[in-house]
Amino acid sequence: MALLRIRKFPDPILKTAAKPVENIDGELNLFLDSMVQTMYAAPGVGLAATQVGDGRRVVVIDTDHENPGKHLLKLINPEIVERDGSILWEEGCLSVIDYTAEVKRAARVRVRAWTPDQKPIDLDADDLLAVALQHELDHLDGKLFLDRISRIKRDLYRRRLTKMIKEGKADGKPSSAALI
Ligand code: NI
């Protein structure tokens, strides 16, 4: 296991769409463990393979940092099969430095995926878990939460980021609460 390097916006790798996993093997499991370690170290509640420059459709999520590991999810080829209602959530992202914004998401989702021990699972989620699932699955499609806010907000952030990078103030640390 090793800590993986989390790519940051505007790294173009974050715009690539991931490819479905065809074999769940030992190598994939080691990679998932490294993702989990990287997520806890960040710390964040979720991490998609795209964020560490890997093209496989896998994500790890743990919304319960009080009891690390207890509700840990390692999802292979996750897919949203139902969505319902809507919710506004203040989102941040491990790949987006120093920025959070309210994003509109489905309030509840049902997700199908495979587990590392090759079992199909079906999850019903609401609240932070529903938001985290939608956010991570977006990463696998090459999308950031920045793509779900207004163009003017995105543009303002982009300008502020450029300035921070120029002034050496972008230390690579994402800011606030729900980092997914
Ligand atoms: Ni994210």
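The set of residues in the stretch 41-56 that are over 19 Å from ASN23 (Cβ atoms), away from the ligand (no atom under 13 Å from the Cβ) and open to solvent by less than 40 Å² (accessible area, probe 1.4 Å) contains only GLY53.
Only residues that are open to solvent by 20 Å² or more (accessible area, probe 1.4 Å) and of a type outside the set (Val, Ile, Thr) were counted in the stretch 89-120, giving 15.
Restricting the search to the stretch 31-59, which residues are under 12 Å from LEU4 (Cα atoms) and of a type in the set (A, V, I, L, M, F, W, C)?
PHE31, LEU32, MET35, VAL36, MET39, ALA41, ALA42, LEU47, ALA48, ALA49, VAL52 - these are the residues of the stretch 31-59 that are under 12 Å from LEU4 (Cα atoms) and of a type in the set (A, V, I, L, M, F, W, C).
Somewhere in the stretch 166-180, is a residue within 13 Å of the ligand (Cβ to nearest atom), in contact with a strand residue (DSSP E or B) (Cβ under 9 Å, 6 or more places away or on another chain), at pLDDT below 95 and within 18 Å of LYS74 (Cβ to Cβ)? Yes, the conditions are met somewhere in the stretch 166-180.
Of the residues GLY168, GLY142, only one is outside any helix (DSSP H, G or I), under 22 Å from VAL52 (Cβ atoms) and either open to solvent by 60 Å² or more (accessible area, probe 1.4 Å) or of a type outside the set (D, E, K, R) (or both); which? Reasoning before the result, please.
Working: GLY168 fails: under 22 Å from VAL52 (Cβ atoms).
Exactly one residue qualifies, and that residue is GLY142.
The residues listed here are PRO68, PRO20, PRO10; of these, the one that is surrounded by fewer than 20 Cβ atoms within 10 Å (Cβ to Cβ), more than 16 Å from the ligand (Cβ to nearest atom), over 21 Å from LEU129 (Cα atoms) and not hydrophobic (A, V, I, L, M, F, W, C) is PRO20. When you check ARG108 against the structure, is it among the charged types (D, E, K, R), closer than 21 Å to ALA17 by Cβ and at pLDDT 95 or above, yes or no? No; evaluated as a whole, the condition is false for this residue.
The values are calculated or read from the model by the stated rules, or taken from the named source; none is laboratory data. Source: prediction; values computed, not measured. All Cβ positions, even for glycine, are placed from backbone atoms using ideal geometry, and neighbour counts span all protein chains on display. Surface areas here come from the heavy atoms of the whole protein model, side chains and all, with no ligands, DNA or RNA. Shrake-Rupley method; radii C 1.70, N 1.55, O 1.52, S 1.80 Å.
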